[in-house]
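What follows is a short report on a single structure.
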Amino acid sequence: MSVSVAAEAVALNFLGSAQQQAGDDAAAAANLARTLDLYRRLGHQHGQANALRDLGRLQQQAGDYPAAIASHQQALQLMRDLGARPGQARVLNDLGTAQQLAGDYPAAASHQQALELYRDLGSRLGLAEAHNNLGHLATRIADTQLARHHHTQALAIARDIGVPCWKQHAPWKESASPTSQTLYHAKQLNTCGRHS
């Protein structure tokens, strides 16, 4: 692998991510596409998978769910080819979110696959994320009992491992309806996930 080309790919990926966070989606997309091209030229599958995942998240943010799903599916296949189970779990969660947003709720069972992988890997933070995403899916299909179960599981894990932001958002009124409690969990855990 050419060190200078690999270093350029890494730098472009970081630049693209920073541009995305700053709201410059066009520049971010161009740099992430360039990153992907460089990793493909180098034959660096892990770099390709990460670039595809980042590109998929950008496409999802822009509302281009079919493109996001395609990018995540390509990233997932590369992670599977590499046997990179933690990467597979992360991509499965991203894929499930894109599928949910596209209205493809049965396909969003990718979150369940992520949950099982995180459980096998012993990643409690990953488990909390997967439970939270399964809670969102259950909310979308109006299964408030299941949503509450998954959000409560996510919250319990986050409290147990000491994720400070989630602890701040933990309380809710016990007298509130199960639907409002579920929506509260979803809103607070999402807010926390973006800021911690």
For region 35-40, in order, what is each residue's ³J(HN,Hα) by Karplus, 6.51 cos²θ - 1.76 cosθ + 1.60 with θ = phi - 60°, in whole Hz (x at glycine and Pro)? 4, 4, 4, 5, 5, 5
Return Arg90, Arg148, Arg119 ranked ascending by Cβ neighbour count within 10 Å, so the fewest neighbours appear first. Arg119, Arg148, Arg90
What ranking of Tyr105, Tyr39 emerges when the number of other C-beta atoms within 10 Å of each C-beta is taken as an exposure proxy, fewest first? Tyr105, Tyr39
Semi-axes (Å, rounded, descending) of the ellipsoid equivalent to region 8-118 per its C-alpha gyration tensor are 22, 17, 10
Please list 3J(HN,Hα) in residue order for region 100-105, calculated via the Karplus relation 6.51 cos²θ - 1.76 cosθ + 1.60 where θ = phi - 60°; whole Hz, with x for glycine and proline. 4, 5, 7, x, 9, 5
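Laboratory data are not the source of any read-out in this text; all were calculated from the coordinates shown. Quick caveat, the model's predicted, so the values are computed rather than measured. Glycine gets a Cβ as well: all are built from the backbone with ideal geometry, and neighbour counts include every protein chain shown.
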